[in-house]
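Readers should treat all values here as calculations from the given coordinates under stated rules, not as data from a laboratory. Fair warning: this is a prediction, and the values are worked out from it, not measured in the lab. Virtual Cβ from ideal backbone geometry, glycine too; neighbours counted across all protein chains shown.
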Amino acid sequence: MATKKIASSQDGVPSDRSSSLGWKDIYQIKVTLLGTKPPIWRRLLVPSSLTLAQLHDAVQTAMGWQGGHMHEFRAGQRYFGKPDPEYRSMGMDPVENERAVRLSEVLRKTGPKLIYTYDLGDSWEHAIVLEKQLPVDPIASYPVCTDGKLACPPDDCGGIPGFYNLVEAFADPDHEQHKELKDWLGHDFDPMAFSIDSVNQMLLPARRRGKAPRK
């Protein structure tokens, strides 16, 4: 059940040179993992000019995913990701190139959601909502996480039902899958754990080099 590490985007831009890059504004977005109760979420400040490929990298890092699975974005009836000629032959919806579309093109005002799905098998759906449009801080670095709650589920745990079964099993030493799931994961799992400092430490390479961080 091993997953590969997330690969960085090739079209990143150095975020510690915001004033020279001509960025017009910053989006405050909230990313919520749908189906979780209480909600697992992160609040991020990102340039509105990020490509969806760059946004994918930022969401992966902020949430805590490992990046070993396919993903896609959906805005209304439009789908974005890594185009594959085989999609059409399989009757799947056409996918626009995520490297050619910027966040500001699909999320123009507060309210409407951009849906980001990671792992098309486990189907982890995230709602991305624009909360505010802010002026660029010329001395700030982006992207940055400003808030959030709860730990991200482990990759490959079986979607929302599998995640909550894992949480229950970890909390109960007498659960029939307690040892099995601990052995599979290889470490303890605290569903309440979340650290803004840790997330921003992971995002730091993106802010320094303009590339997605490798975890």
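Of all the numbered requirements in (1) in a helix (DSSP H, G or I); (2) surrounded by fewer than 18 Cβ atoms within 10 Å (Cβ to Cβ), Gln133 misses one, and that requirement is (1). When the range 157-168 is filtered for residues that are assigned to a helix (DSSP H, G or I) and not charged (D, E, K, R), the ones remaining, listed by number, are Gly159, Ile160, Pro161, Gly162, Phe163, Tyr164, Asn165, Leu166, Val167.
For the range 37-79, the candidate set comprises residues that are over 30 Å from Glu168 (Cβ atoms) and polar (S, T, N, Q); within that set, the residue that is farthest from the chain's Cα centre (by Cα) is Gln77. A count restricted to the range 169-191 and to residues that are surrounded by 14 or more Cβ atoms within 10 Å (Cβ to Cβ), in contact (Cβ under 8 Å) with a residue 24 or more places away in the chain and either among the small types (Gly, Ala, Ser) or in a helix (DSSP H, G or I) (or both) stands at 1.
Each row is one residue, and each column tells you yes or no for (1) closer than 16 Å to Gln60 by Cα; (2) in contact with a Leu (Cβ under 7 Å, 6 or more places away or on another chain); (3) among the aliphatic types (A, V, I, L, M).
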| site | (1), (2), (3) |
| --- | --- |
| Glu98 | yes, yes, no |
| Ser104 | no, no, no |
| Gly111 | no, no, no |
| Leu114 | yes, yes, yes |
| Gly121 | no, no, no |
| Pro138 | no, no, no |
| Asp147 | yes, no, no |
| Ala151 | yes, no, yes |
| Ala169 | no, yes, yes |
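Taken over the range 159-205, the criterion of being within 30 Å of Ser141 (Cβ to Cβ), out of contact with any strand residue (DSSP E or B) (no Cβ under 6 Å at 6 or more places or on another chain) and among the hydrophobic types (A, V, I, L, M, F, W, C) is satisfied by Met192, Ala193, Met202, Leu203, Leu204.
Per-residue answers, yes or no, for (1) surrounded by 13 or more Cβ atoms within 10 Å (Cβ to Cβ); (2) more than 16 Å from the chain's Cα centre (by Cα); (3) under 22 Å from Gly68 (Cα atoms):
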{"position": "Asp84", "(1), (2), (3)": "no, yes, yes"}
{"position": "Asp122", "(1), (2), (3)": "yes, no, yes"}
{"position": "Glu125", "(1), (2), (3)": "yes, no, yes"}
{"position": "Gly148", "(1), (2), (3)": "yes, no, no"}
{"position": "Cys152", "(1), (2), (3)": "yes, no, yes"}
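In the range 158-168 there is at least one residue that is over 16 Å from the mean Cα position of the chain (by Cα), exposed (fewer than 15 other Cβ atoms within 10 Å of the Cβ) and of a type in the set (D, E, K, R). The residues of the range 103-144 that are touching a Gly at 6+ places or on another chain (Cβ under 8 Å) and touching a residue at least 60 places away in the same chain (Cβ under 8 Å), listed by number, are Trp124, Glu125, Val129, Leu130.
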